[in-house]
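Nothing in this text is a laboratory measurement; each read-out follows from the coordinates by a stated rule. Only a predicted model underlies this, so the values are computations on that prediction, with no experimental measurement involved. Positions of Cβ are backbone-derived with ideal geometry, glycine not excepted, and every protein chain shown enters the neighbour counts.
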Amino acid sequence: MPGRWSVSGARAEPPSAARHPIAFRPPRDSRWMIGVVQALTPLILRLGCKIVACEFDEETLARLRSLRGQRVVLCPNHPTGIDPLVVFHLSARLGDRFHYLACKECFRRPLKGWIMQKLGCYSIARGGHDTESFRTTRRLLAAGDQWLVICPEGEACGQNDTLMPFQVGVAQMAFWALEDMAAHGDPPPLYFVPLGIKYAYVRDMSGEIDAGLARLERKLGLPLDRRTDPEGLYRRLRVDGDAVLSMIERRYGIRPEEDATLEARIQSFKELVLARAAAELNVKLHPEQPVLDRVRVLFNAAERLACEAPPASDYGRALHQRRQEEVFGLYDDLWRVLRFVATHDGYVRETMTAERFLEVIGRMEWEVFGQECWRGPRRAMVKAGEPLNLTEHWSDYRARKRETVAAVVGRIEAEVGRLVGELTATTAPVGAGGSTSG
């Protein structure tokens with residue numbers, strides 16, 4: 001079955017001079033629309049995303065059903081843009097409705113944004129202080145009518161076996177909700193439930209790996225390499241990756257040391273792009289922050305400048321237009337960093353599964369062709385971890401707020417990592433049998 005090209009990986013759309021910043025979008029739940037989309041989700045996943053099955057084991061379903069009627073925040077990992085649909089399908093299996101926290105960029109297109117609001121989504125501006133979104137989160141958690149879904153990584157990294165650092169704001173908003181409820185007496189239980197999501201191919205994908213590498217080799221002007229054994233495929237992946245990185249380095253005038261490792265070269269490119277963008281936008285970055293946090297700060301700064309109203313004079317408008325064109329040019333640079341934000345040397349070598357091969361190939365296809373390719377058929381496996389009751393940490397929070405928030409987030413991140421690891425253990429290396437999935 002050939003790959004299906006998806007616009008999900010298409011070039012990011014910067015705000016035009018005529019477009020205003022995206023305002024906060026609250027949830028506007030529609031029961032009938034939620035019911036219709038829940039019924040259609042298996043078909044949407046199959047036809048649009050090549051997901052032929054969503055698997056929720058009985059332990060997971062029983063654990064979640066036992067929390068019915070409680071205040072719950074579901075915290076899944078976020079490897080792809082498909083994850084919210086998978087969790088939406090989970091809500092149907094539980095016969096319930098959830099609220100979803102989504103980045104404000106998802107609401108830019110009016111029809112899509114309207115549908116998302118009807119399905120229970122609301123927006124947040126990542127990398128900044130979004131007062132309206134924070135207030136809505138506190139209100140929803142205090143009301144306790146529906147569970148809330150928040151992806152603590154904040155961004156889809158494109159690699160199922162990699163977790164980006166979890167954002168402390170996820171737990172902080174929940175503790176703020178406890179503060180609101182504590183004003184009326186002892187706060188009720190508020191549970192964080194870690195969710196591990198893992199996608200696995202249901203048949204051998206060696207042919208698709210070969211085809212993806214051959215397509216890249218042709219586009220990059222490399223000799224076609226027809227080796228299809230696991231080691232041969234890996235060597236081809238390395239050659240293609242080196243060619244893509246070399247072209248990116250030439251684009252930015254980077255001259256790596258002769259003995260520089262692939263890992264060092266990847267990191268140098270990211271740091272250079274971020275430093276240049278920060279200088280262009282007059283933003284001070286903190287080097288100790290994770291790369292993803294710094295990218296969010298720069299995106300927010302770029303959008304603020306791009307959406308500024310032009311001056312009244314002709315000359316002022318001309319300068320303003322020139323400045324916006326410069327800002328728009330930064331979007332491609334920042335999205336290039338995002339494409340490879342989780343990429344590191346050795347990811348495929350550690351466990352040479354079809355999933356890891358095709359994840360890295362997908363990152364390169366997005367860079368080289370401007371689009372990703374959904375391949376399949378795949379199954380989505382979801383596993384719930386042990387719930388964490390934040391109310392049990394309430395006294396610790398009042399005494400040591402920052403330390404308690406960090407500790408809670410650390411526990412959630414570790415549990416999600418454990419769940420993903422368990423699910424990853426069910427996949428087999430390329431060439432280990434007729435299927436890449438156990």
With the cut-off at 19 Å, report for the range 50-186 the share of all Cα pairs above it, as a whole percent.
55
Evaluate 2.2 N^0.38 Å with N set to the residue count of the range 205-308, then give the Cα radius of gyration divided by it.
1.39
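Can you give the calculated 222 nm mean residue ellipticity of the chain, where each DSSP H run of n ≥ 4 adds -39,500 (n - 2.57) and the sum is split over every residue, rounded to the nearest 500 deg cm²/dmol?
Details: 15 runs with 223 residues, N = 438.
Taking each H run of at least 4 residues, the total per residue is -16500 deg cm²/dmol.
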Fluctuation leader among 225, 83, 29 - the chain, Gaussian network, Cα springs under 10 angstrom
225
Sites removed, the longest contiguous part of the chain containing no DSSP-loop GluC sites (Glu not before Pro) with at most 11 other Cβ within 10 Å is 1-256
Please identify the DSSP H helices in the chain that span no less than 20 Å along the helix axis (Cα) and have a mean Kyte-Doolittle hydropathy of 1.0 or more.
31-49
Beyond a 30 Å Cα-Cα separation, which of these cross-linked pairs lie in this structure: 104/219; 284/401; 112/284; 118/401; 270/401; 112/401?
104/219; 112/284; 118/401; 270/401; 112/401
If you find the alpha carbon centre of the range 336-392 and of the range 262-308, how far apart are they in angstrom?
22
Under the 7 Å Cα-to-Cβ spin-label approximation, residue 31 and residue 315 lie apart by a distance in nanometres of 6.4
Set of lysines near residue 198 by C-alpha distance (under 16 Å), chain-local residues within fewer than 8 positions excluded:
50, 383
Rg/Rh over Cα atoms for the range 325-407, Kirkwood Rh, comes to 1.18
Once you put a point 7 Å from the Cα of residue 203 and another 7 Å from the Cα of residue 53, both along the Cβ direction, what distance in nm separates them?
1.4
Sorted largest first, the C-alpha extents of the range 223-369 along its principal axes in whole angstrom are 65, 33, 30
Once the chain is represented by equal point scatterers at the alpha-carbon sites, with solvent omitted, what log10 I(q)/I(0) does the Debye formula produce at q = 0.11, 0.12, 0.14 Å⁻¹?
-0.93, -1.10, -1.44
In whole angstrom, the spacing between the Cα centers of the range 136-159 and the range 207-251 equals 39
If I take R0 = 25 Å and measure r between the Cβ atoms of residue 308 and residue 112 in this structure, what FRET efficiency does the formula 1/(1 + (r/R0)^6) give, to the nearest 0.05?
0.50
What does DSSP give for the chain in terms of the percent of beta bridges that are antiparallel, rounded to the nearest 5?
40
Segment residue 96-residue 220, extension gain: residue separation times 0.36 nm, minus the distance between their alpha carbons
39.8 nm
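How big is the Kirkwood radius of the range 37-125, worked out from every pair of different alpha carbons and given in Å to one decimal?
On the way: mean 1/r = 0.0703 Å⁻¹.
Here the Kirkwood hydrodynamic radius works out to 14.2 Å.
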Just from the alpha-carbon atoms, what are the Rg and Dmax of the range 115-229 in angstroms?
21.9, 71
